[in-house]
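> Submitted below is the structure of interest, expressed as structure tokens.
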Amino acid sequence: MRRSEKQQLVESLKEQLNSYSHFYLADVEALNAEQTSALRRLCFQREVKLVVAKNTLLRKAIEESDKDASGLFDVLKGSTSVLLSNTGNIPAKLIQEFSKENGKPVLKGAFVEESVYVGAETLEELVNIKSKEELIADVIALLQSPAKNVISALQSSGQTITGVLKALEEKNA
């Protein structure tokens, strides 16, 4: 491969890393063609982009990207695939689900929510990370909860007063 071709690949990888909020590095070596196709299909369904790259080119792309993911350089050994996503925990769930059946992919490392995670043991932690949308929904639910309680208390007390008045009316009649 010529130097200009390598530079184009690095530039392409850098643009992809910059255009997605999160990325995971995984080992998908030893998957057969059928399993690889199933993994790619699952990635497409979950809006995760799967890219296979040479480690040296990937390292250069990470260095040139806007992300401070230099902590992942140590895991760039062997076969490496990059899973790119705008939702932090979707690739982790995908890796966990797919590896239960196939034994691979194995998580090498991840750059999620401006933090670096290294090793397969961090997969469970990454699965449980809430996305920005989930956190916003939680905050909204917490803010709405007191208002709902007040409204329901006012409605129930109104019904109680109505019931007492009807009972008094029936008693006097």
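The values are calculated or read from the model by the stated rules, or taken from the named source; none is laboratory data. Owing to the predicted nature of the structure, the values given are computational and were not obtained by experimental measurement. Virtual Cβ from ideal backbone geometry, glycine too; neighbours counted across all protein chains shown. Heads up: the accessible areas ignore ligands, DNA and RNA and are worked out on the full protein's heavy atoms, side chains in. Shrake-Rupley method; radii C 1.70, N 1.55, O 1.52, S 1.80 Å.
> Tell me, which helices (runs of 4 or more DSSP H) wholly within the range 1-105 include 3 or more residues that are hydrophobic (A, V, I, L, M, F, W, C) and under 15 Å from Leu126 (Cβ atoms)?
90-102
> Would you be able to tell me the number of residues in the range 96-125 that are touching a residue at least 60 places away in the same chain (Cβ under 8 Å) and within 12 Å of the chain's Cα centre (by Cα)?
4
> Then there's this: Being under 17 Å from Ser21 (Cα atoms) and modelled with pLDDT of 85 or more narrows it down to one residue among Ser65, Ser115; which is it?
Working: Ser115 fails: modelled with pLDDT of 85 or more.
Going through Ser65, Ser115 in turn, the sole match is Ser65.
> Checking the structure you have, find out if any residue of the range 30-47 is open to solvent by 20 Å² or more (accessible area, probe 1.4 Å), under 18 Å from Ser131 (Cα atoms) and touching a residue at least 60 places away in the same chain (Cβ under 8 Å).
Looking through the range 30-47, none of the residues is open to solvent by 20 Å² or more (accessible area, probe 1.4 Å), under 18 Å from Ser131 (Cα atoms) and touching a residue at least 60 places away in the same chain (Cβ under 8 Å).
> Output the number of the condition that Gln16 fails; it satisfies all remaining conditions of (1) surrounded by fewer than 18 Cβ atoms within 10 Å (Cβ to Cβ); (2) within 17 Å of the chain's Cα centre (by Cα); (3) at pLDDT 90 or above.
All conditions are met except number (3).
> Continuing with the same structure: Does the range 106-139 hold any residues that are part of a loop (DSSP other than H, G, I, E, B) and among the polar types (S, T, N, Q), and which are they?
Asn128, Ser131
> Please work out if Leu142 is assigned to a helix (DSSP H, G or I), more than 17 Å from the chain's Cα centre (by Cα) and of a type in the set (A, V, I, L, M, F, W, C).
Yes; evaluated as a whole, the condition is true for this residue.
> Same structure again: Would you pick out the residues in the range 1-29 that are touching a Gly at 6+ places or on another chain (Cβ under 8 Å) and under 18 Å from Thr80 (Cα atoms)? Show your work before the answer.
Pass one, the range 1-29, residues touching a Gly at 6+ places or on another chain (Cβ under 8 Å): 21-22, 24-25, 27, 29.
Hits for the range 1-29 are His22, Tyr24, Leu25, Asp27, Glu29.
> Continuing with this model, one more query. Give the residue, chosen from Lys77, Lys100, Lys60, Lys132, that is at pLDDT 80 or above and surrounded by 11 or more Cβ atoms within 10 Å (Cβ to Cβ).
Answer to the selection: Lys60.
> If Gly158 satisfies every condition in (1) over 20 Å from Cys43 (Cα atoms); (2) open to solvent by 50 Å² or more (accessible area, probe 1.4 Å); (3) at pLDDT below 80 but one, which is the exception?
For Gly158, the failing item is (2).
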